[in-house]
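What follows is a short report on a single structure.
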Amino acid sequence: MPLSGIRVLDFTQVIAGPYSTQLLGDMGAEVIKLESLAGDRARTVGGPRGSFSNSFFNVNRNKKSLSIDLKHPQGKEIVRRLLDSADVLVENYKPGTMDRLGLGYEQLKDRHPALIYCSISGFGQTGPRRTDVAFDQIIQGYSGIMSITGSEESGPLRVGSPIADLVGGSFATQGILLALLERQRSGKGQWVDTAMLDCMLPFLGFAAWNYLETGELTPRNGNAHPTLAPSGSFQAKDGGFNISLTGEVIWQRFCRAMDREEWISDARFVNNAQRFAHSVELTRLINERLGEKTKAEWMEYFRQAEVPCGPIYSLDETFADTQIQDRGMVRTMNDREVGPVQVVANPLRLSRTPARYDRSAPALGEHTQAVLRELGFSESEIRTLLEQQVVGGRSDDAAAQN
């Protein structure tokens, strides 16, 4: 696989960090998740099936779990041994925490010059807010994305998924892969400083581009496009669906498909600037016409005319869609507690080396003994470490060596 032979030490928890390391594990890296004796706190976020955590399960597949007390001197020695064979270290603690544990980048780089060290945090490793506690919604607020989400009536709204966590984790993985690629030439590691707030700014898209150029703030337009008209959600006889028109050729196709060819030469709609200026009136006219037929009828007309359109799905409709199913974007994995669990697949498509789904999210400390054996600890030493609570794990996890 693309990352076979790459060992990742995963000091992350909750969503952003674990999602990043899961992406590495999906592509063949050996990811060893180092958890406290209490475990990643996301493990305790119960789901619809008792103590089972959907959140934990969906961002921790293809990993091994080593439960360890990082403050204990022997725990630190175990980490030092792991570092001797590690390619990547990923952490998402509050800045300064790893330094206090003796595991900060500056403390490790001389002994491990080839180590790729990735830190994921809300605000990054520098700046006046570097040590502020930040979760997804806090970052959404700081990033400005809430100010452009919703309508004037609704006021600012958060994006309905933990987008800052997932975007931050995705960019962190990209940084790690770039650092690994560069290491092939230089032989040297480096520090990948990933701030969730930084990562959100490119995702502001039109709103950021327009503000930086003109100083103007983008209003909340609901489902309407901020610069194009008509483009957004429109109402057919039986409900809403999306239409997105870019350029004059598609606008003309749309008018003909609607049997409203006269709009093409109408001075109010002669170009995008005019359509945008008269968007309220244009939307009213479009909805009046669309109300004569159903969504399915109109979408079929538009598809034949090559006019971009599509439904507004609920999640049950999304996951039932034949395109999603054909792409294999839902996979079934097995959890020790609740059995088969469906998860969202890795979206990357590599023709020869596709993502793997051979290891479900680990039980806490499931691979502790296996990892220690690999590091050269004897069975008596492992028993002592367990008894002294330097590490945690099941006494019967020899099978985890597989």
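The values are calculated or read from the model by the stated rules, or taken from the named source; none is laboratory data. Computed from a predicted model, the values in this text were never measured in an experiment. Please note: Cβ atoms are built from the backbone with ideal geometry, for glycine as well, and neighbour counts cover all protein chains shown. In case anyone asks, the SASA skips ligands and DNA or RNA and just uses the protein heavy atoms, side chains included. Shrake-Rupley method; radii C 1.70, N 1.55, O 1.52, S 1.80 Å.
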In a Gaussian network model of the chain with springs linking alpha carbons closer than 10 Å, the residue among 332, 194, 21 that fluctuates most is 332
So the angle from the long Cα axis of helix 73-83 to the longest Cα principal axis of the chain, reported in degrees to the nearest 10, equals 60 degrees
Distribution output for region 222-304: share of Cα-Cα pairs per 5 Å bin in percent, first bin at 0, values 3, 15, 28, 30, 17, 6, 0
With a 1.4 angstrom probe the carbon and sulfur portion of accessible area for the chain, in percent, totals 52 percent
Expected max-MSF residue from 147, 36, 244 in the GNM of the chain (alpha carbon, under 10 Å) is 244
Links exceeding 23 Å between C-alpha atoms in this model, out of 33/109; 63/188; 71/109; 94/188; 64/109; 63/109, come to 63/188; 94/188; 64/109; 63/109
Kirkwood Rh over alpha-carbon pairs of region 264-398 plugged into Stokes-Einstein at 25 °C, 0.890 mPa s gives a D in µm²/s of 114 µm²/s
Cα-based Rg then Dmax for region 1-139, in Å, read 15.1, 47
In whole angstrom, largest first, the equivalent ellipsoid semi-axes that the Cα gyration tensor gives for region 64-220 are 36, 18, 13
In Å², rounded to a whole number, the accessible area per residue of region 209-341 with probe 1.4 Å is 60 Å²
Connecting every pair of Cα atoms under 10 Å apart in the chain and solving the GNM, the largest mean-square fluctuation among 115, 285, 201 falls on 285
Computed Rg/Rh for region 316-374 (Cα atoms; Rh = Kirkwood radius) stands at 1.10
Here P(r) for the chain, Cα-Cα distances in 10 Å bins, as whole percents, is 4, 18, 25, 22, 15, 10, 5, 1, 0
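Which of the peptides 90-98, 259-267 is most tightly packed, and how do the rest follow, judged by the mean count of other Cβ atoms within 10 Å per residue?
Per-residue Cβ counts within 10 Å, averaged per peptide and sorted highest first, yield 90-98, 259-267.
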In whole µm²/s, the translational diffusion coefficient that Stokes-Einstein assigns to region 17-97, given a Kirkwood hydrodynamic radius over C-alpha pairs, 10 °C and 1.306 mPa s, equals 114 µm²/s
Output ordering of 334-340, 140-146 (per-residue mean of other Cβ within 10 Å, highest first) is 140-146, 334-340
One finds the C-alpha centres of region 212-258 and region 300-321 to be spaced, in Å, by 16 Å
In whole Hz, the Karplus estimates of ³J(HN,Hα) for region 315-326 (6.51, -1.76, 1.60; θ = phi - 60°; x where Gly or Pro) are 4, 5, 6, 4, 6, 8, 5, 5, 5, 4, 5, 4
Taking Cα atoms only, helix 279-290 is inclined relative to the longest principal axis of the chain by an angle, in degrees rounded to 10, of 80 degrees
With every protein chain kept in place and a 1.4 Å probe, the residues 366, 288 fall, from largest accessible area down, as 288, 366
accessible surface per residue for region 12-91, probe 1.4 Å, DNA/RNA/ligands not counted, whole Å² -> 32 Å²
